[in-house]
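Worksheet: one structure, shown below.
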Amino acid sequence: MPKVAVVTAAGKGSSRWINRAAMSLADQGVDLEWCIGIDTDGQEAIDTTLAAVGGPVEPTITWTYPTARGAAAARVQAALKATSEYVYVLDADDELPSGTLLQLADVLDDYRTCKWATAEKHVEIDRNGHIIREKRSDIGYGFVAQDELRTYYRVHGRSPFTPAQIMVRTPDLWAAGAWPALPIDEDVALLLALGTGVIAPIMGLRKRVHGDQTTAQLSVLSPYFATSHEFLRLRGLI
């Protein structure tokens, strides 16, 4: 049975959703550890988040307290506690269908030259967990070369699939430098650093869509990230 570390960044307001994320970790078919990075600047918010966790898996908790440093920093802090062969990112407001982690771990085991794996499909859900729409990768399923992903990102300013449901091997995560401390698109930067990956023809994440998300609040983003070209130049990826 593969061992998978689920890494979650829990920021302000995460206590509203994190129990649903916790419950979705049941029946994943893997030896599971859950590493949570608390990213908030108040002890009360930390206590509220911890009290809300619950679920079938006892998490390992780290935090960036006393200064909130963003989701990327919280994930790195949490991932440092991981002892698993694989790492999967799960946002505190998202959920997983049963068996997702086992399917992705099997994909990486089958394709040893690939550095990451993701699902072709996911569904968006509202605040109450009701399905809004099903979404698919813009480039279908199969192998994705680094240059293909970079070109798509330069042209469209986004990933061709949701980068919020990626599994990587733990050594590859650290070899690529983990998540860079960016206010947005840190997942895309990590994928480009990792190299070739694979999109599996499976259903993945239940991604919650709501106005409290960082990516829904454009005012928090630095003007240095106004265009994909500026972002890529800053990261030194082209």
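The values are calculated or read from the model by the stated rules, or taken from the named source; none is laboratory data. No experiment lies behind these values; they were computed from the predicted model shown. Neighbour counts run over all protein chains shown; Cβ positions are idealised from the backbone, glycine included.
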Those residues of the stretch 161-186 which are surrounded by 19 or more Cβ atoms within 10 Å (Cβ to Cβ) and closer than 14 Å to H122 by Cβ, in sequence order = F161, T162, P163, Q165, I166, M167
Any chance the stretch 28-41 includes a residue that's in a loop (DSSP other than H, G, I, E, B), on the phi < 0 side of the Ramachandran plot and at pLDDT below 85?
-> yes
May I ask you to list pairs of residues, at least six apart or on different chains, whose Cβ atoms are under 6 Å apart, with the first in the stretch 1-29 being crowded, with 21+ Cβ neighbours inside 10 Å and the second being of a type in the set (F, W, Y) and part of a strand (DSSP E or B)?
-> V4/Y86; V4/Y88; V6/W34; V6/Y88
From the options L108, L104, residue that is surrounded by fewer than 24 Cβ atoms within 10 Å (Cβ to Cβ), more than 25 Å from G13 (Cβ to Cβ), at pLDDT 95 or above and over 12 Å from the mean Cα position of the chain (by Cα) | L108
Scanning the stretch 128-168 residue by residue, the ones that are charged (D, E, K, R), outside any strand (DSSP E or B) and under 19 Å from the mean Cα position of the chain (by Cα) total 3
When restricted to A175, A200, the only residue under 21 Å from D91 (Cα atoms) and either free of Cβ contacts under 8 Å to residues at least 12 places away in the same chain or of a type in the set (A, V, I, L, M) (or both) is A200
